[in-house]
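The structure appears below as C-alpha cells.
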C-alpha cells in the first residue's frame, strides 16, 4: 500500500470528518510504487544499437482501500445517504489534491477513476478505489519565500526535488518608492532575470512553471515581457543563492516534483 493506515485529506476535506480511514486488506496492498515509471523512446537505425531519443514518464494509477471506522479501529456501518456523500466527495471531473496523514509534506493531484464496494448485512464494509495521478510523480507542498528589499539582498532558496534537476519558481513582486528597475540573479549558476523602466508601484506576477508568462497585476494590458531581458529564473538541485537588486516586496513560490516512494 502506498500509504499507511491513517486518515487523509482530499480536496481540502479531512477523511476524519467522515470517519474514513485508509486500510490494508491483503498482502498485495503492501507493495509501493517507487521512483518514476519511464518508457524508453528509441528508433531503429540499421545498427545493433538503436538511436536513443529520450524517455517518456507515465502517470500511474494508485489503488487505495477505505473503511469507515471508530476511534478504536473497529468498522462501523454506513448511514443511509453516506455512500452517496462519499461518492460525491471523491469522484470529481478534475484533478484535486490528495494528502495522506502519514506524509503531510507530499501532495498528489488525483482523479478517482474506479471503485468497488464490499459490505455485510450490518452495512459495514470497505471501498476499493483507484486514483490516477496528474503527473508521473507527487509534489511538495507549495512553499512561499517572501522578502522586503530596500537596495540589495541575497537569499537562499532550495530545490529539493529528487527527480528534477531544474525547477522554475513563480515570482511575484511590487516595486517600492520611485524604483523602476529590478534584477533577480541566481548566483549559483550565473544567470539573471532583469526588468527596466517599469511603472512606479508596478506589481508583477511571473508564471514560470509550465506556461511562461509575465503579467502586470495593476494593468493587464501592459507588455511586461518587452521590459524584461526575456529570461525566466530557474533553480538547480540543492541550495540556490539568489541576489535581488532594487526596491521591492518579492516572493518566490515553489512546488517541486517528488518521486513516489
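Structure summary
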| item | result |
| --- | --- |
| Relative contact order (percent, whole number), the chain, Cα cutoff 8 Å, 6+ residue spacing | 20 percent |
| For region 108-261, convex hull volume per residue from C-alpha positions, Å³ | 154 Å³ |
| For region 3-103: relative contact order, % (alpha-carbon pairs under 8 angstrom, 6 or more apart) | 36 percent |
| Residue among 44, 194, 71 with the largest mean-square fluctuation in a Gaussian network model of the chain, springs linking Cα atoms under 10 Å | 44 |
| Region 180-250 and region 89-155: distance between their alpha carbon centers, rounded to Å | 30 Å |
| GNM top mover of 97, 50, 77 - the chain, alpha-carbon springs below 10 Å | 50 |
| Neighbour-count order for 85, 48, fewest beta carbons within 10 angstrom listed first | 48, 85 |
| Burial ranking of peptide ranges 254-261, 208-215 (average Cβ count within 10 Å, highest at the top) | 254-261, 208-215 |
| Per residue Cα convex hull volume in Å³ - calculated over region 46-126 | 195 Å³ |
| Relative contact order (%) - criterion: Cα under 8 Å, at least six apart; region: region 136-261 | 48 percent |
| Gaussian network model of the chain, Cα within-10 Å springs - most flexible of 173, 225, 52 | 52 |
| Expected 222 nm ellipticity per residue - DSSP helices of 4 or more, -39500 (n - 2.57), all of the chain, to 500 | -1000 deg cm²/dmol |
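No value in this document is a laboratory result; all are computed from the given coordinates. What you see is a predicted model; the values in this text were computed from it and never measured. Every residue, glycine as well, gets a Cβ built from its backbone with ideal geometry; the counts of neighbours run over all protein chains shown.
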